[in-house]
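The values are calculated or read from the model by the stated rules, or taken from the named source; none is laboratory data. These figures come from a predicted structure and were not determined experimentally. Please note: Cβ atoms are built from the backbone with ideal geometry, for glycine as well, and neighbour counts cover all protein chains shown. Surface accessibility is based on the protein's heavy atoms, side chains included, excluding ligands, DNA and RNA. Shrake-Rupley method; radii C 1.70, N 1.55, O 1.52, S 1.80 Å.
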Amino acid sequence: MAFKGSKDFSHQQTDKTGVLITNLGTPDAPDKRALKRYLKQFLSDPRVVEIPRLLWLLILHLVILRIRPKRSAEAYRSIWTEQGSPLMFHTQAQCKALQSRLRKQWGEELVVEFAMRYGQPAIDQTIQSMCDSGVRRLLVLPLYPQYSGSTTASSFDALAEDFRQRRWLPALRFVNSYHDFAPYIKALAAQVRAHWDQHGRAELLLMSYHGVPRRYLEQGDPYYCQCHVSSRLLAAELGLNDDDYMVTFQSRFGKAEWLQPYTDKTLMGLPAKGVKRVQIVCPGFSADCLETIEEIAVENRDYFLENGGESYEYIPALNDTAEHIEALAHLIEENLQGWPSGAEKDYALRQQQFERKQHEYENRL
């Protein structure tokens, strides 16, 4: 087996610290061919679909990949912009803002990059680029506040697969969740308050998270519990009572039971219970994407209004807001503790130069 290295490697290269933020991914284009390629990689991941492999691969290739790409392409076309996929340009903006913010302390020897679990830029290619640039200490931050095996653990799988083939492994730190991280909660609260300041406050704040099959919870996945912890903390930060908000789960597929209550079913039933005005926020999404822009802001809005609702407002994801970037920067800085910053390196270098000159002077005496 040939291990990964760098053709241009030099032992004189300056060691750097790298921060890699990752997200789920997006197709390259809103067309059937790109969606088939993306969905094949995504749905082939055993972390995403946990059923017997042979049975699932038959279903995937003989049924799903023949039907779903066309329908998904239509959904992506409805949210595509001149900048491309929202998830892509929001993640690019987050990466750029974090690099600007963190380099104030860490200097040019801090490298901040982003990668996608599925699609491009790929995790293995991005790590190779970082290592080629001299990164010897790597912090990986998947932008999933709440841990799930289907997201966070899948990101680690991709990282581990790359490391398994790498000759020189960088020192590694991995953030597996930040669901109760105070700056993240405060950033969410600031986003909600900003919306209230502009549009007023509705009768109910719905906090919708991406769903997973219920059996994941029963088998020990902490995702459901961490979603509720985040929601309680956000409600407390906003001063909400139990009747002022609800926690729901979206984006299910298949016949198995998923985490409940379901977002769509809840919205269909709220008007009959007298709730006519709702606002919805998605605390588990660090950036707006298909699931927030098309599913929540459009599809679920229709469900609510068609069943007697009068006012429905989606509160955008944190994206690259100043509060979100500051929260992520604090999280990264906490996890970089103990690794030398640019200022510390400069001091150490000056100390070494001083000691070397002092030694040379003493030898001349």
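Okay, here's what the table says:
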quantity: Ranked order, Lys36, Lys276 - accessible area, probe 1.4 Å, largest first; calculated: Lys36, Lys276
quantity: Cα-projected label distance for Asn176 with Leu54, points at 7 Å along beta-carbon direction, nm; calculated: 3.3
quantity: Region 172-229 and region 277-302: distance between their alpha carbon centers, rounded to Å; calculated: 13
quantity: Efficiency of FRET from Cβ geometry, Asn307 and Arg201, R₀ 35 Å, rounded to 0.05; calculated: 0.95
quantity: Long-range HN-HN contacts of Asp180 with modeled amide H, under 5 Å; calculated: none
quantity: Enclosed volume per residue, in Å³, of the convex hull spanned by Cα atoms of the chain; calculated: 176
quantity: Alpha-carbon radius of gyration plus Dmax, which is the widest Cα pair, for region 5-127 in Å; calculated: 18.3, 54
quantity: Calculated [θ] (222 nm, deg cm²/dmol) that DSSP helices of n ≥ 4 give over the chain, each run adding -39,500 (n - 2.57); calculated: -14500 deg cm²/dmol
quantity: Built amide H within the under 5 Å cut-off of Gly25, gap 5+; calculated: Arg117, Tyr118
quantity: Computed magnitude of the charge dipole of the chain (debye, nearest 20; Cβ of K, R +1, Cβ of D, E -1); calculated: 1180
quantity: For region 38-191, size of Cβ-based charge dipole, Lys and Arg +1, Asp and Glu -1, in debye; calculated: 140
quantity: Charge dipole of the chain about the Cα centre (unit charges at C-beta), most positive-ward option of Leu206, Trp56, Ala97; calculated: Trp56
quantity: Rounded to whole Hz, the Karplus (6.51, -1.76, 1.60) HN-Hα couplings of region 120-131, x for glycine and proline; calculated: 10, x, 6, 4, 5, 5, 5, 4, 4, 4, 5, 5
quantity: 5 angstrom amide H check on Val111, placed H, neighbours 5+ away; calculated: Thr17, Gly18, Val19
quantity: Eligible lysines near Lys4 by straight Cα distance, threshold 22 Å, same-chain separation 8 or greater; calculated: Lys16
quantity: Using θ = phi - 60° and Karplus 6.51 cos²θ - 1.76 cosθ + 1.60, couplings along region 286-294 (whole Hz; Gly, Pro as x); calculated: 6, 8, 5, 7, 4, 5, 9, 6, 8
quantity: Integer Hz, Karplus 6.51/-1.76/1.60 couplings in order for region 207-223, x for Gly and Pro; calculated: 9, 9, 10, 5, x, 9, x, 4, 5, 4, 4, 5, 9, x, 5, x, 4
quantity: Candidates Ile296, Ile325, Ile64, ranked by Gaussian network fluctuation over the chain, Cα under 10 Å, top entry; calculated: Ile64
quantity: Mean-position separation - Cα centroids, region 20-83 and region 99-151, in angstrom; calculated: 23
quantity: Protein-only accessible surface order, largest first, of Phe3, Phe285 at 1.4 Å; calculated: Phe3, Phe285
quantity: Net +/- balance of residues flanking Gly149 in space, Cβ distance below 14 Å, scoring K and R +1, D and E -1; calculated: -1
